[in-house]
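Remarks on the structure that follows.
The values are calculated or read from the model by the stated rules, or taken from the named source; none is laboratory data. Computed from a predicted model, the values in this text were never measured in an experiment. Don't worry about glycine lacking a Cβ; one is built from the backbone with ideal geometry, like all the others, and counts go over all protein chains shown. Quick note on the areas: whole protein, heavy atoms, side chains included, nothing else; ligands and nucleic acids left out. Shrake-Rupley method; radii C 1.70, N 1.55, O 1.52, S 1.80 Å.
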Amino acid sequence: MATRDLDDMEVEFHGLEADPTDFENQEIKISPYQILNPDGGYVYKTTLELQLCSFICTGSSSRNYRTRSREIRLEDIPFVSELIQDGLGERVVELLLHFQYRACRQDPLLFVLGICCRSSDRQTKRAGYNALPSICRIPTQLFKFLSFCQKISQKNSLSKGWGRAHRKAICDWYHSYGTSETKLKLLALHITKYSKRHGWRHKTVMRLAHLNVKEEEDPALKYLVILAVKGKQYADSTTFMENQRKREFYQTSTLKKISDLLSSIETVKHTKDVSQVKRLILEHRLVREHIPTCFLNEREVWLALARHMPVTALIRNLGKMSKLEIFKRSTSEEKPSFEEYLALEKLKNKELIKKEKVHPFTYMLAINQYKKGENRSKSLQWPIYPQICTALKEGLYLSFENIKPTNKHFLVALDISKSIEESVTVVGSPSLQALDVAAFMLSLTIRTEQNCHAIIFSNNRATALPIRPDDDIEVVAEKIKDLRSPPSEVSADASLPFKYAIEKKKIYDVFIIYTDSYATFGTPHPSQALQFYRQSSGKTDAKLVVCNLACSDVSIGDIDDPLTLTVCGFDSCVPQIISNFVNGNFYSS
């Protein structure tokens with residue numbers, strides 16, 4: 001890890017020798033994203049395509065991510081229809097496929113796909129439906145897509161939308177699972193795990209789509225369709241199944257294995273025997289969603305579920321498992337049970353953490369919530385086991401290795417005015433305080449990036465923060481508190497990070513400011529200070545990320561600047577959104 005010495009990135013400033021008093025002069029081009037307007041001034045160019053890319057990635061056409069999601073309305077995203085009208089509908093679908101793994105939320109992606117599939121343009125509609133299996137990978141996403149399609153049809157006063165093209169696309173979606181035993185077992189698990197979502201059931205969807213599978217085409221898929229529509233008892237009693245059972249290789253067929261799996265799931269629904277439920281969970285790797293509510297307070301059931309539970313699911317259920325005393329020991333010298341040992345090893349297993357791509361913020365949230373001994377609604381309380389806290393902390397620092405460096409030069413600035421110190425919770429992550437998030441993200445950035453400087457600022461000062469890459473998050477938080485503002489400083493001058501960079505003659509690719517944005521103090525406006533930094537340094541493509549941790553409706557950044565990202569609140573999506581923005585992944589060539 002390279003040393004974060006302030007002299008490492010010192011270069012001679014070049015470019016425009018702008019005067020700080022000339023902030024209002026718009027006749028100078030300061031960014032490659034600017035174009036000349038008819039009046040001779042330079043303005044930011046925001047194309048329809050850039051608006052679409054931003055909407056897919058953040059849920060907003062102006063690069064403004066809000067942790068509190070809002071209902072998507074057709075009138076809020078007119079650029080999608082305009083692109084289709086301009087003959088670029090296929091390009092819209094191409095962008096959806098390009099960004100499908102970068103979008104932190106699925107709703108914007110699925111809503112735009114719904115618009116394309118509901119378009120009167122045949123090429124756009126065809127491209128949209130062809131992309132359906134790639135974008136909707138599980139039934140939950142398919143059902144959400146269908147809800148959006150229904151909403152769009154009602155808004156445009158169209159038909160109910162179950163025409164030939166729509167029916168064919170839904171049928172193709174079920175067929176897209178494939179015919180192999182593994183894929184068909186996955187479909188069976190998905191049909192039973194996600195049986196109902198967003199007001200839709202597989203039974204309803206298959207009927208409306210007129211899904212019909214020929215016996216000679218795929219007996220296992222045909223059986224799954226019959227079961228989803230009419231139930232297990234009816235499916236087993238059909239002539240089709242009677243004929244299949246008479247076949248020579250039925251006992252070793254995929255159909256027999258699928259039938260046994262579904263019989264086990266059906267048995268779990270109706271049995272009263274806990275030991276039987278445990279046996280079937282272990283035999284068929286059933287998940288929590290397959291288990292009736294009456295068994296979810298049984299310790300033995302959770303012991304079985306924990307065996308094959310992924311790391312992320314394990315983290316989510318630590319409170320419930322602690323309540324059932326799965327991690328309880330009579331004495332500190334007592335060896336852990338097999339299940340406890342397995343759970344602890346999963347939480348800090350480097351290979352599993354890497355395979356599941358568990359983000360450090362997932363661990364951060366889990367640690368803070370687990371230490372509280374209750375969930376947000378206080379409907380579940382649990383004893384706090386030290387060994388779980390230790391394993392979570394170990395997993396946290398192992399998960400830092402999942403973050404790929406951007407190789408950019410960063411200046412991370414923390415607002416330490418009284419207003420942010422008094423903020424009790426973070427919008428989107430109420431179990432955390434603003435300083436907790438700031439310390440975590442600073443630690444994450446400085447551990448990951450070779451070139452990262454940190455400062456704190458208030459209303460009249462900006463001070464370098466002496467953070468080392470090997471400092472724990474708690475150490476970082478303490479260092480921030482040691483340099484906190486006097487009680488009299490209730491607001492902050494958000495232009496200070498840019499003034500600091502100019503004064504120190506540093507070239508930065510990215511400025512990240514963590515603040516509450518409730519109050520700004522001083523001159524100039526932060527967006528003007530950023531413009532002056534770009535002019536005086538020659539770094540015209542310097543990016544700004546503003547994280548408004550404690551509010552959800554204001555920003556100190558310029559929303560018309562394509563090089564500025566505003567984040568309102570903070571949740572598990574934010575680190576990935578920031579990474580995508582810094583890497584230029586909001587745009588497609």
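Observations, loosely collected:
- Checking the stated criteria, Cys104 turns out to be of a type in the set (A, V, I, L, M, F, W, C) and modelled with pLDDT under 90.
- Residues that are assigned to a helix (DSSP H, G or I) and basic (Lys, Arg), drawn from segment 437-467: Arg447
- Lone unmet requirement of (1) within 23 Å of the chain's Cα centre (by Cα); (2) outside any helix (DSSP H, G or I) for Ser120: (1)
- Boolean, Asp260 is part of a helix (DSSP H, G or I), among the charged types (D, E, K, R) and over 36 Å from the mean Cα position of the chain (by Cα): no
- With respect to (1) closer than 21 Å to His175 by Cβ; (2) free of Cβ contacts under 8 Å to residues at least 24 places away in the same chain, the lone exception for Ser134 is condition (2).
- Residue list for segment 388-410, filter: over 17 Å from Glu351 (Cβ atoms) and among the polar types (S, T, N, Q): Thr390, Thr406, Asn407
- Output for segment 319-360, where each listed residue is assigned to a loop (DSSP other than H, G, I, E, B) and of a type in the set (A, V, I, L, M): Leu324, Ile326, Val358
- The lone exception for Pro310 - which of (1) more than 30 Å from Lys185 (Cβ to Cβ); (2) in contact (Cβ under 8 Å) with a residue 40 or more places away in the chain it fails: (1)
- Residues in segment 168-179 that are open to solvent by 50 Å² or more (accessible area, probe 1.4 Å) and either in a helix (DSSP H, G or I) or farther than 30 Å from Lys257 by Cα (or both): Lys168, Asp172, His175.
- Within segment 530-549, restricting attention to residues that are out of contact with any Phe, Trp or Tyr (no Cβ under 8 Å at 6 or more places or on another chain) and assigned to a strand (DSSP E or B), the residue that is modelled with the lowest pLDDT is Asn548.
- Of all the residues in segment 148-162, those that are open to solvent by less than 30 Å² (accessible area, probe 1.4 Å) and either in contact with a Phe, Trp or Tyr (Cβ under 7 Å, 6 or more places away or on another chain) or closer than 20 Å to Leu211 by Cα (or both) number 3.
- Note on segment 125-161: residues that are at pLDDT below 90 and not hydroxyl-bearing (Ser, Thr, Tyr) amount to 6.
- Filter result for Phe338 (under 21 Å from Pro383 (Cβ atoms) and open to solvent by 30 Å² or more (accessible area, probe 1.4 Å)): yes
- Residue that is closer than 30 Å to Leu262 by Cα, without any contact (Cβ under 8 Å) to a residue 40 or more places away in the chain, out of contact with any His (no Cβ under 6 Å at 6 or more places or on another chain) and surrounded by fewer than 20 Cβ atoms within 10 Å (Cβ to Cβ), where the choices are Thr182, Thr140: Thr182
- Residue match in segment 291-309 (condition: assigned to a loop (DSSP other than H, G, I, E, B), more than 19 Å from Gln381 (Cα to Cα) and open to solvent by 60 Å² or more (accessible area, probe 1.4 Å)): yes
- Count of residues meeting criterion [touching a helix residue (DSSP H, G or I) at 6+ places or on another chain (Cβ under 8 Å), part of a helix (DSSP H, G or I), within 20 Å of Leu324 (Cβ to Cβ) and of a type in the set (D, E, K, R)] in segment 361-404: 1
- Residue tally, condition outside any loop (DSSP other than H, G, I, E, B), open to solvent by 40 Å² or more (accessible area, probe 1.4 Å) and not hydroxyl-bearing (Ser, Thr, Tyr), over segment 58-110: 13
- Answer from Ser429, Ser443 - the residue that is touching a residue at least 40 places away in the same chain (Cβ under 8 Å), open to solvent by less than 40 Å² (accessible area, probe 1.4 Å) and not β-branched (Val, Ile, Thr): Ser429
- Search result, residues across segment 182-206 that are assigned to a loop (DSSP other than H, G, I, E, B) and of a type in the set (Phe, Trp, Tyr): Tyr194
- Boolean, Ala165 is buried (at least 16 other Cβ atoms within 10 Å of the Cβ), hydrophobic (A, V, I, L, M, F, W, C) and at pLDDT below 95: no
- Within segment 446-472, considering residues that are open to solvent by 10 Å² or more (accessible area, probe 1.4 Å) and among the β-branched types (Val, Ile, Thr), the one nearest to the chain's Cα centre (by Cα): Thr448
- The condition (being polar (S, T, N, Q), modelled with pLDDT of 90 or more and open to solvent by less than 40 Å² (accessible area, probe 1.4 Å)) is satisfied by just one residue among Ser491, Ser552, Ser579, Ser527: Ser579.
- Any helices (runs of 4 or more DSSP H) falling wholly within segment 207-255 and containing at least 2 residues that are under 21 Å from Leu186 (Cβ atoms) and without any contact (Cβ under 8 Å) to a residue 24 or more places away in the chain: 219-230
- The condition (being among the aliphatic types (A, V, I, L, M), closer than 27 Å to Lys408 by Cα and modelled with pLDDT of 90 or more) is satisfied by just one residue among Leu95, Leu88, Leu109, Leu113: Leu95.
- Scanning segment 374-386 for residues that are out of contact with any Asp or Glu (no Cβ under 8 Å at 6 or more places or on another chain) and within 21 Å of Glu339 (Cβ to Cβ) returns Ile384, Tyr385, Pro386.
- Test for Thr140: is it touching an Asp or Glu at 6+ places or on another chain (Cβ under 9 Å) and either closer than 30 Å to Leu286 by Cα or of a type in the set (A, V, I, L, M) (or both): no
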